[in-house]
Amino acid sequence: MIQYIKGKGYTPRIWGSLSAKPGTTPVDWNGVEVDIWSIGWQRPAAAIAQGAKIINITDIPTYSVPSGSNSQGGYGDYANYETQYNRWTPNDFSTGGGPRLEASNPNIIGGGHAVWNDNIDLHETGLTSYDIFKRFFKSMQSTAERTWGSDRAAKTYADRNQPTSVYAPQSNPDKTVTEEDLFKINPETVKEYLAKKVQKSEAGLNFEKDSTIEGLVGDVGPSHVLKLDVTVTGDGEQTFSTSGDNQLYLADKDGYLAYKFEQFHIQFNKKLEKNKRYQISVVTKPQVTEVYVDGEKVERIANPAYPRFAHNSLVLPLEKSVDSKESCIVLSYQMNHS
């Protein structure tokens, strides 16, 4: 395989394992890049001796296996990014029980960290890309600072000086919104938005089939509350708001209050009665989403396909509302910080 890849003009990169599994087949390591992830599986000096270039990605402390438990350490929910900053550099493999090589060794070409999404299928805990980014970014900060090798860098993780925002200008991975982005839509304020097929009445805003309100805030990260004062007047599936493929339902295909975010379809144990007015609150928190109807908490319906499902951050889909297949009356709805 290595010879085939080289023959195509590419540089092979492999996970080192020949110290533990040497086999009997000769392997040409010249020009090969080797990730040193475990000293027991691959000794860095042995890889260099055979002509390889090496990358330090020792599992202790750089590995994360997201689970939602907020544990930190080897193969934990978060990698041990403090230890990585304090004790790890691309030439130092001692955190994994290996040697500290010369920093000037030309065969050491860098370092990295790894996020392994191994908790899938029956081990699925519910984490979304929003959650995974948190784990990736924490490690990325340490990896970046320790691979730059600047003499101006703080000596320890605790001594680092953080900027007001750790993200690049014009980026918003947390999906945060400002006070100006908060909204309240009712018959008096709907004129401020791009409304289609929405009629005002004494009862509120009447949404018929294909009614929409656009120009809303877009995706909204956790730590917000969406409040609805609504009456469902039609039958069948009722989508309240959308952003791309993500949806918030007043009634999904099974009739439940629900949301769809990325690969997850989450149902809550409540079916709204037709022509009855309800006050609904969707409370988003990191790794937790709660729904209240008329002040009472509604429990999430367990899915037997995911027996360990426990952690799920909802990014509220608020690009467009209401994308109705049936009709409803909305007296008002608003979004606040929680």
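A few notes on this one:
- Checking each residue in the stretch 31-47 for being over 12 Å from SER19 (Cβ atoms) and surrounded by 19 or more Cβ atoms within 10 Å (Cβ to Cβ) picks out VAL32, ASP35.
- Cβ-Cβ distances below 7 Å connect the following pairs, each with a first residue in the stretch 1-19 that is farther than 20 Å from ALA46 by Cα, a second residue that is of a type outside the set (Asp, Glu), and a separation of six or more residues or different chains: ILE5/PRO12; LYS6/PRO12; LYS6/GLY31.
- Qualifying residue in the stretch 162-172 (condition: in a loop (DSSP other than H, G, I, E, B), surrounded by 13 or more Cβ atoms within 10 Å (Cβ to Cβ) and under 19 Å from the mean Cα position of the chain (by Cα)): yes
- Index of the failed condition, LEU127 passing every other in (1) within 30 Å of GLU262 (Cβ to Cβ); (2) of a type in the set (A, V, I, L, M); (3) surrounded by fewer than 15 Cβ atoms within 10 Å (Cβ to Cβ): (3)
- Meets criteria (in contact with a strand residue (DSSP E or B) (Cβ under 8 Å, 6 or more places away or on another chain), at positive phi and surrounded by fewer than 21 Cβ atoms within 10 Å (Cβ to Cβ)) for ASP245: no
- Selection within the stretch 282-316: residues that are hydroxyl-bearing (Ser, Thr, Tyr) and either surrounded by fewer than 18 Cβ atoms within 10 Å (Cβ to Cβ) or over 19 Å from LEU228 (Cα atoms) (or both). The member of this set that is modelled with the highest pLDDT is TYR292.
- Inside the stretch 141-158, residues that are modelled with pLDDT of 90 or more and either outside any helix (DSSP H, G or I) or loosely packed, with under 10 Cβ neighbours inside 10 Å (or both) make up a count of 4.
- Being in contact with a helix residue (DSSP H, G or I) (Cβ under 9 Å, 6 or more places away or on another chain) and either more than 21 Å from TYR130 (Cα to Cα) or surrounded by fewer than 19 Cβ atoms within 10 Å (Cβ to Cβ) (or both) is a property that ARG277 lacks.
- Restricting attention to the stretch 135-157, the residues being in contact (Cβ under 8 Å) with a residue 24 or more places away in the chain and either under 14 Å from THR83 (Cβ atoms) or of a type in the set (Gly, Ala, Ser) (or both) number 10.
- Checking each residue in the stretch 174-188 for being among the hydroxyl-bearing types (Ser, Thr, Tyr) and at pLDDT 90 or above picks out only THR176.
- The set of residues in the stretch 267-277 that are touching a Ser or Thr at 6+ places or on another chain (Cβ under 7 Å) and either more than 19 Å from ASP254 (Cα to Cα) or at pLDDT 95 or above (or both) contains only ARG277.
- Unmet criterion (only one of (1) farther than 22 Å from LYS260 by Cβ; (2) surrounded by fewer than 18 Cβ atoms within 10 Å (Cβ to Cβ); (3) modelled with pLDDT under 90; (4) not polar (S, T, N, Q)) for GLY236: (1)
- Total residues in the stretch 68-99 satisfying the condition of being more than 29 Å from ILE120 (Cβ to Cβ) and aromatic (Phe, Trp, Tyr): the figure is 2.
- Residue within the stretch 211-226 that is touching a strand residue (DSSP E or B) at 6+ places or on another chain (Cβ under 6 Å) and loosely packed, with under 14 Cβ neighbours inside 10 Å present: yes
- The criterion of at least 1 residues that are at pLDDT below 95 is met by none of the strands (runs of 3 or more DSSP E) falling completely within the stretch 29-140.
The values are calculated or read from the model by the stated rules, or taken from the named source; none is laboratory data. Worth saying up front: this structure is predicted, and the values here are computed from it rather than measured. Here Cβ is always computed from backbone atoms with ideal geometry, including for glycine, and neighbour counts include all displayed protein chains.
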